[in-house]
1. Between 0 and 90 degrees, rounded to the nearest ten: what's the tilt of helix 27-37 against the longest Cα principal axis of the chain?
2. What does the helix-only formula give at 222 nm for the chain: each DSSP H stretch with n ≥ 4 adding -39500 (n - 2.57), the total divided by the residues, and the result rounded to the nearest 500 deg cm²/dmol?
3. Need one word for the range 70-143: rounded, prolate or oblate. Basis is the Cα gyration tensor (sqrt eigenvalues a ≥ b ≥ c); a/c below 1.5 gives rounded, then a/b vs b/c decides.
4. Rounded, prolate or oblate: which fits the range 1-72 when a ≥ b ≥ c are the square roots of the eigenvalues of the alpha-carbon gyration tensor, with rounded for a/c under 1.5 and prolate only if a/b beats b/c?
5. By how many degrees, between 0 and 90 and to the nearest 10, does the Cα long axis of helix 83-98 differ from the longest principal axis of the chain?
6. Quote the convex hull volume per residue of the chain, based on C-alpha atoms, as a whole number of Å³.
7. If you take the square roots of the eigenvalues of the alpha-carbon gyration tensor of the range 32-71 and sort them as a ≥ b ≥ c, do you get rounded (a/c under 1.5), prolate (a/b over b/c) or oblate?
8. Roughly how tilted is helix 104-115, in degrees to the nearest 10 and between 0 and 90, from the longest Cα axis of the chain?
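Each reported figure results from applying straightforward, stated rules to the coordinates on display, with no laboratory input. On a predicted model such as this, the values are computed, not experimentally measured, just so you know.
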Amino acid sequence: MEILLWVVVVLLFLLSIAGIFLPVLPDTILLWGGFLLYHFFIADPGAGLPASFWWGMVVLSILLYGADLLTNMYFVKKYGGSKWSSIAAAAGIILGIFVFPPFGMLILPFVFVVLVELMVQKQSMERAVKAGVGSLIGFLGSAVVKVILQVTMIIWFFIAR
């Protein structure tokens, strides 16, 4: 039975990493599922994961949730986008999760940023597209950050157990 539980834990960890690119999979929740499964069903009673692990996971989980929005907003701004474009990029990510996943998370922020720059900010097509490219780079950057954070969380789990 313990082997089956370990297989499920590892599967949850692998699905969490897949969730970075497939937004229908709740990556952070899958990670926590693996942690909790180990803590309550595999670890010896009273010998589960230490409090420092749980607090660290809370902090890293918050960073995971913020990675998409903050990274995208940063790169839009860096590539010449306005404050409104940064907000449009964040809205595009949120809507993109539900509209045409996983590609919606790439396409909608780009389109929203370009439209805001063209229509609201009255920028040239070149500047608008440059800001839109910033949203694409932001998404890819956030994926890298999320992979690093999730791998860190998984390694920490195996060290802490």
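1. That works out to roughly 10 degrees.
2. On the way: 6 runs with 120 residues, N = 161.
Only helices count here, giving -25500 deg cm²/dmol.
3. Prolate.
4. Working: a/c = 4.26, a/b = 1.48, b/c = 2.87.
Oblate shape, in that a/c is at least 1.5 and b/c is the bigger or equal ratio.
5. Between helix and principal axis, roughly 50 degrees.
6. Hull volume over Cα atoms, normalised by residue count, gives 94 Å³.
7. Working: a/c = 6.62, a/b = 2.49, b/c = 2.66.
Oblate.
8. 30
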